[in-house]
Amino acid sequence: MTEDSIKYPKAVVFDLDYTLWPCWCDTHIIPPYKKTRKEGDSIIDRNGYVLTLYPDVKPIFEHLQEHNVQIFTASRTVTPKRAIKLLKLYELESSIVHSEWGSFSKKNHLSRISEKFDIPLEEMILFDDEYRNNDVKSIGCGFGYLPNEELTWNEFYKGIKSWSDHYHGENNLKQNNVKTNNNYY
Ligand SMILES: [Mg+2]
């Protein structure tokens, strides 16, 4: 896959726990916590527990910004304040346009983002480690599943390509009666 062959959506929405970092921030870490120089993007909590941001997160955020894709987060954590603190310590906060919180289906989170920022649901992809959250597809959003509970380049490109093929690929073009040159079969 080449860069030129794929389209990007207007917005990408990320889950937080086990998508950006390896913990449940409401139970695994105890405030106060602060940044440690130990391993790059790591924080240390009150009990000495060290939590390190997944290594591909920041490069993927930068990549999205270079492609003018807006970044959002959607989380069901019961401790948004802890999550916000982590986003600040990891220096991700300034890259994120807005975060949505709350229980129930993430269809709610994404619908609110769509309404607040006037972004069509079809122009959004949710990346999430929980497969049940693929219910966002029922309202038109893309879904990038992270089966290994971690945002990586590999899964990121799979999600982007899947969305790009669905909305801009050959099948979509054919459905719209756009003539293509792929008469190989
Ligand atoms: Mg998660």
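The values are calculated or read from the model by the stated rules, or taken from the named source; none is laboratory data. Note that the structure is a prediction, hence the values are computed from the model and not measured. Cβ: placed from backbone, ideal geometry, glycine included. Neighbour counts: every protein chain shown.
Tabulated results
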{"read-out": "Test result for Asn148, polar (S, T, N, Q), within 16 Å of the ligand (Cβ to nearest atom), in a helix (DSSP H, G or I) and closer than 26 Å to Cys25 by Cα", "value": "no"}
{"read-out": "Scope the range 115-137; condition within 13 Å of Pro9 (Cα to Cα) and either out of contact with any Phe, Trp or Tyr (no Cβ under 8 Å at 6 or more places or on another chain) or away from the ligand (no atom under 14 Å from the Cβ) (or both); matching residues", "value": "Ile119, Pro120, Leu121, Glu122, Glu123, Met124, Ile125"}
{"read-out": "Any hit, the range 107-114, residues being of a type in the set (Ser, Thr, Tyr), within 16 Å of the ligand (Cβ to nearest atom) and part of a helix (DSSP H, G or I)", "value": "no"}
{"read-out": "Any hit, the range 146-153, residues being closer than 20 Å to Pro22 by Cβ, surrounded by 13 or more Cβ atoms within 10 Å (Cβ to Cβ), in contact with a strand residue (DSSP E or B) (Cβ under 7 Å, 6 or more places away or on another chain) and modelled with pLDDT of 85 or more", "value": "yes"}
{"read-out": "Cross-chain or 6+ apart pairs with Cβ under 9 Å, the range 113-134 first and basic (Lys, Arg), then in a strand (DSSP E or B) and more than 13 Å from the ligand (Cβ to nearest atom)", "value": "Lys116/His98; Lys116/Glu100"}
{"read-out": "The listed residue being farther than 20 Å from Thr152 by Cβ, out of contact with any Gly (no Cβ under 9 Å at 6 or more places or on another chain) and at pLDDT 95 or above, out of Lys10, Lys34", "value": "Lys10"}
{"read-out": "Single residue of the range 67-85 satisfying the filter (touching a helix residue (DSSP H, G or I) at 6+ places or on another chain (Cβ under 6 Å) and of a type outside the set (Ser, Thr, Tyr)) that is nearest to the ligand (Cβ to nearest atom)", "value": "Ala74"}
{"read-out": "Every residue from the range 15-42 that is of a type in the set (Asp, Glu), surrounded by 15 or more Cβ atoms within 10 Å (Cβ to Cβ) and farther than 15 Å from Leu92 by Cα", "value": "Asp26"}
{"read-out": "Filter pass, Lys174 being modelled with pLDDT under 95, among the basic types (Lys, Arg) and surrounded by 11 or more Cβ atoms within 10 Å (Cβ to Cβ)", "value": "yes"}
{"read-out": "Some residue of the range 63-81 being assigned to a strand (DSSP E or B), of a type in the set (Phe, Trp, Tyr), in contact (Cβ under 8 Å) with a residue 24 or more places away in the chain and closer than 30 Å to His166 by Cβ", "value": "yes"}
{"read-out": "Residue in the range 90-103 that is at pLDDT 95 or above, closer than 14 Å to Thr19 by Cα and within 14 Å of the ligand (Cβ to nearest atom) present", "value": "no"}
